[in-house]
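**Student:** This is the structure, below, for whatever I ask next.
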Amino acid sequence: MEVQELRKRFGAVTAVDGLSFAAADGQITGLLGENGAGKTTTLAMIGGVLKPDTGSIRIDGTDEQGSLNQRRRLGALLDHTGLYTRLTARENIRYFGALHGLRDLDERVSRTLTLLGMDALADRRTGGFSQGERMKVALARAVVHGPSNLMLDEPTNGLDISSVRALREWLKDMRDRGICILFSSHVLEEVRALCDRIVVLSKGRVVAHGTADAICRDTGCESLEDAFVRLTAREALTQ
Amino acid sequence: MTDPSLIIARKEIVDHLRDGRSLMAGALYTLMGPLITMVVSFSGQVGGKPAFLLSLMSVFALVSTFTGGMAVAMDITAGERERRSLVPLLLTPITTRQLVLGKWLAICAFALGAVAVNIAGVAAVMALRAPGSFAANGVPLASWVLLGLAPLACFAAALLLLASAACRTTKEATNWLTFVVFVPMLVGMFLVFYRVSGNGWLTLPVVGQQLIVLRALGGAPAPLIYGVSLALVTAAATVPALAGAATVLNRDQVVAG
């Protein structure tokens, strides 16, 4: 995934201001930023649900921003799980698989349920699910069509420790299969533990990118937290 | 089933058939007209006037074209935004046109179902309180249902979709959709008690549906061409409402709050 000079304004507010970065296949790229830094807006533009004012987005070499072709290559979990509570886990996932036009739909849904360890939950309505269970269904829904790119917006929000750990392992497994994963969070430990590369955002701009060690080295800080604070404070001063 | 619109419509229908409370409330709303008319029919003044009873029920039938799909319309647009399930749907490889069409088909199914239940209620009341009168008006009543109410239910579904698509929450949608439902109630009641002359009104959606049945009950049915014209005008009016809903769902605010 490659974005170039992405800009987006909502009225007088500039949410994303000339953002450029790339996320490679077989890597987890973390979008790190404070609340309001532009992470969700950026992911929504890559997913094609928001139109950028300017800039370009390339996914697997195609730059038809927001096209159906690009959306077929993407799996995404943005903002909230957003499940249909009167449908079972299987029905929720099946619905999205059908909208992706999968031919071997039932087999793909069953395989995805097994992959996420959800066989026991598959035929229960999602209305009574815990936050962790809902997140699993939402993840299954995002990957049922076998996308080559995956975007996750703060997927660990509200999850307990064991669910977070399970999610991390699952994401590493997806990465090892060659999938390009773009992961947004404002939790530093999480980004450090999971991401191969980090893109630090502040006020809609990229203020640093690279590995966690490289960002610490470049800013002269010992911890990622200190580096993050220094980078965002510097950006606030320049504005 | 591979067409995205049909996949969406099927899912919405299955989903809402499981909402027992909403279905029960919808059925009560739909049968309210026949039930009220049944009570009124025991009055000595109107009990023996089948045409009056039918004209009273026709107002409720008109209203049922709007109320039948109201709960579904709110849930699958404003409700979808509220529970944040719209964004995942917009991330799938479907066009906004397919999305709107699928949701509209689902609302139509419930609106047409409500009309069918309402007409069954009307027939039951007439069978009990004025036997033979429903059959005696069979042809004009059938053309009223097929050329008047059925296209109106589909038009109402599009209007409800448009209005609720613009709302952020089901609470907000409830407020706006109440106004939308008020229109056929007002028009229907007005036309029962006030005579409107001129055939031009017969081709105006909502007004035409009520005039056609009232004229038939008054013994001067409108020529069939007016029923056909009304059906075509109502169907044509559905298109801009659906286009409007698609435009609303394409706006940034739908995703960004």
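**Student:** Is it true that B:THR247 is within 14 Å of chain A (Cβ to nearest Cβ), of a type in the set (S, T, N, Q) and open to solvent by 60 Å² or more (accessible area, probe 1.4 Å)?
**Tutor:** So B:THR247 passes the test.
**Student:** To continue, here is another question. Can you tell me which residue is least open to solvent (accessible area, probe 1.4 Å) among those in the range A:85-138 that are of a type in the set (Lys, Arg) and part of a helix (DSSP H, G or I)?
**Tutor:** A:ARG108
**Student:** Now a separate question. Here are the criteria: (1) open to solvent by 50 Å² or more (accessible area, probe 1.4 Å); (2) more than 9 Å from chain B (Cβ to nearest Cβ); (3) polar (S, T, N, Q). Tell me which single one A:SER56 does not satisfy.
**Tutor:** Failed condition: (1).
**Student:** Restricting the search to the range A:65-76, which residues are surrounded by fewer than 24 Cβ atoms within 10 Å (Cβ to Cβ) and either more than 7 Å from every other protein chain (Cβ to nearest Cβ) or among the acidic types (Asp, Glu) (or both)?
**Tutor:** Matches in the range A:65-76: A:GLN65, A:GLY66, A:SER67, A:ASN69, A:GLN70, A:ARG73.
**Student:** If you don't mind, there's one more thing I want to ask. Which one of B:ALA142, B:ALA136 is modelled with pLDDT under 90 and over 20 Å from the mean Cα position of the chain (by Cα)? Break it down into steps so the answer makes sense when it comes.
**Tutor:** Numbers: B:ALA142 fails: over 20 Å from the mean Cα position of the chain (by Cα).
Within the list B:ALA142, B:ALA136, the selection yields B:ALA136.
**Student:** Okay, moving on. Can you tell me which residues in the range A:140-173 are among the aliphatic types (A, V, I, L, M), away from chain B (no Cβ under 14 Å) and not in a helix (DSSP H, G or I)?
**Tutor:** Residue satisfying the conditions is A:LEU159 alone.
**Student:** For the range B:11-23, indicate whether the set of residues that are in contact (Cβ under 8 Å) with a residue 40 or more places away in the chain, in a loop (DSSP other than H, G, I, E, B) and away from chain A (no Cβ under 14 Å) is non-empty.
**Tutor:** No, that holds for no residue.
**Student:** State which residue is most open to solvent (accessible area, probe 1.4 Å) when the search covers only the range B:190-244 and only residues that are in a helix (DSSP H, G or I) and hydroxyl-bearing (Ser, Thr, Tyr).
**Tutor:** Within the range B:190-244, the match that is most open to solvent (accessible area, probe 1.4 Å) is B:TYR226.
**Student:** Which of the residues belonging to the range A:1-30 are assigned to a strand (DSSP E or B) and of a type in the set (Asp, Glu)?
**Tutor:** A:GLU2, A:GLU5, A:ASP17
**Student:** Among the residues of the range A:31-84, how many are in a loop (DSSP other than H, G, I, E, B) and of a type outside the set (Phe, Trp, Tyr)?
**Tutor:** 26
The values are calculated or read from the model by the stated rules, or taken from the named source; none is laboratory data. This is a predicted model, so every value here is computed, not measured. Neighbour counts run over all protein chains shown; Cβ positions are idealised from the backbone, glycine included. The accessibility values were calculated without ligands, DNA or RNA, using every heavy atom of the protein model including side chains. Shrake-Rupley method; radii C 1.70, N 1.55, O 1.52, S 1.80 Å.
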